[in-house]
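**Q** Shown below is the structure under consideration.
The values are calculated or read from the model by the stated rules, or taken from the named source; none is laboratory data. Please read all numbers here as calculations on a predicted model, not as lab measurements. FYI the Cβ positions are ideal-geometry reconstructions off the backbone, even for glycines, and counts take in every protein chain you see. These area figures cover heavy atoms from the full protein model, side chains too; ligands, DNA and RNA do not enter into them. Shrake-Rupley method; radii C 1.70, N 1.55, O 1.52, S 1.80 Å.
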Amino acid sequence: MIQTRSAVVTFIAPFTLPGLDRDYPAGDYRVNVDEEQLDVSFAASRRVATTIMLVSSATTLAWPVDPKDLEAALAADGQRSARPEHDDQNEHQ
């Protein structure tokens, strides 16, 4: 089973991430983290995907991002971490 956690990150200044061909404006961006439940005798999961939702005009792009690259971009922007968007988690089976 895959669970998706969402968080919101805020960039104070325009930013880019590896593989993007342009800068995106400062603002709030939703980040989704997909985790797969491991089949072990205790609660455990592993991250299988991280995407940042990039809005441009009328389109939204779910851009796959390495968590280390996202943290580096946030650190360069003066941010420390993401804040949860809400407490509930989405589950996909």
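**Q** What are the residue pairs meeting all of these: first residue in the stretch 1-22, first residue open to solvent by 50 Å² or more (accessible area, probe 1.4 Å), second residue among the charged types (D, E, K, R) and not in a strand (DSSP E or B), Cβ atoms under 6 Å, and 6 or more apart or on different chains?
**A** I12/D77; P14/D23; T16/D23; P18/D69
**Q** Do we find that V40 is part of a loop (DSSP other than H, G, I, E, B) and more than 18 Å from A76 (Cβ to Cβ) in this structure? Talk me through it step by step, then tell me what you get.
**A** Numbers: part of a loop (DSSP other than H, G, I, E, B): yes; more than 18 Å from A76 (Cβ to Cβ): yes.
Answer is yes for this residue.
**Q** Next question, about the same structure. Counting just the residues of the stretch 43-81 that are open to solvent by 70 Å² or more (accessible area, probe 1.4 Å) and part of a strand (DSSP E or B), which one comes out modelled with the highest pLDDT? I'd like the intermediate steps shown before the answer.
**A** Initially, the stretch 43-81 is screened for residues open to solvent by 70 Å² or more (accessible area, probe 1.4 Å), giving 43, 46-47, 55, 57-61, 64, 66, 68, 71, 76, 80-81.
Subset that is part of a strand (DSSP E or B): 46-47, 55, 59-61, 64.
On the way: R46: 70, R47: 69, V55: 88, T59: 89, T60: 91, L61: 91, P64: 96.
The qualifying residue modelled with the highest pLDDT is P64.
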